[in-house]
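Novice: Let me begin by handing over the structure; questions about it come next.
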Amino acid sequence: MQIERDPYRVAGTAGLRHTPRLAPRWTAIMYIWIKALHVAFMVTWFAGLFYLPRLFIYPAMADDAPGLERFEILEKRLFAIMTIGAVLTLVFGLVMLAMNPALFAVGWFQIKLILLAGLAVYHYRCLTWMRRLKAGYQPDGTTWLRWFNEIPVMFLLGIILLAVAKPF
Ligand code: HEM
């Protein structure tokens, strides 16, 4: 087997629409750096998606005012950070799409888009839970919240497998 030593060719950027005024190789190099930033901000986004719903479980059980207030501050900050992560993941993703619009016709990417729509709904549901708990809502138990907390794992696995393995 022949080993490809040029990282910008290994990464499969052959179908890129080349940026005018830039040599094809520079377009490919830019694409890879943008992809790296996309993945880095995706990690920030998911750090929040994994941890924020865990923060909901305590306020759902407790009723001491200072403790609840502290949790509200933590939740607000974490939500702000994960939203910044989401926006930057989206921005770098859109830049790559502008450079490589042929992806819209590719099966794995179309399914990724469907999963992304689900992820956006989940992100929004985190906001609505935050508001409910702030308004003093106390659920009967925490079982639903514990299941809710597991949902991002499914999205992460699905999207990463599709984006990296590109099976179809
Ligand atoms: C927010 C909207 C998003 C858009 C518009 C988007 C778009 C893209 C695009 C266009 C690529 C380049 C694909 C290629 O050239 O093969 C890409 C790569 C990637 N995306 Fe996203 N993405 C988004 C969100 C996510 C999320 C939420 C995850 C993780 C859960 C993710 C994980 C990845 C990974 C790991 C790669 C690199 C795949 C490789 O190895 O080539 N993306 N994304």
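Read the figures in this text as sums done on the coordinates, not as results from a lab. Computed from a prediction, not measured in an experiment: that's the story for all the values here. Counting neighbours? That spans all protein chains shown, and the Cβs are built from the backbone with ideal geometry, glycine included.
Novice: Is any helix in the chain, taking whole DSSP H runs, at least 18 angstrom long along its axis by alpha carbon and on average at least 1.6 on the Kyte-Doolittle scale, and which ones?
Specialist: Qualifying helices, which must be both long enough and hydrophobic enough, are 151-165.
Novice: Right, here's the next one. Provide the gained length on full extension for the span ILE73 to TRP33, in nm with one decimal, where the gain is 0.36 nm per separating residue minus the Cα-Cα distance.
Specialist: Here the segment from ILE73 to TRP33 would lengthen by 11.0 nm.
Novice: Cross-link candidates for LYS35: which lysines have Cα within less than 20 Å, leaving aside residues fewer than 8 places away along the same chain?
Specialist: Within reach: LYS112, LYS166.
Novice: Along the charge dipole of the chain, pointing to its positive end and built from +1/-1 on Cβ of Lys, Arg, Asp and Glu, which listed residue (LEU113, ILE57, MET82) has its Cα farthest out?
Specialist: Going by the charge dipole, the pick is LEU113.
Novice: PHE155 to LEU113: extension gain in nm, 0.36 nm per residue of separation minus the Cα-Cα distance?
Specialist: Here the answer is 14.0 nm.
Novice: Can you tell me the dipole magnitude for the stretch 24-165 around its Cα centre, using point charges on the Cβ only (Lys, Arg +1; Asp, Glu -1), in Debye to the nearest 20?
Specialist: 400 debye
Novice: Also, I was wondering about something else. Taking R0 as 25 Å, what's the FRET efficiency between ARG125 and ALA62 from their Cβ-Cβ distance, rounded to 0.05?
Specialist: Taking R0 as 25 Å, the efficiency between ARG125 and ALA62 is 0.70.
Novice: Can you tell me how much longer the chain between ILE81 and ASP140 gets when fully stretched, taken as 0.36 nm per residue apart minus their C-alpha distance, in nm with one decimal?
Specialist: Roughly 18.3 nm would be gained on extension.
Novice: Please work out the Cα convex hull volume for the stretch 24-165 and give it in Å³ per residue.
Specialist: So the per-residue Cα hull volume is 97 Å³.
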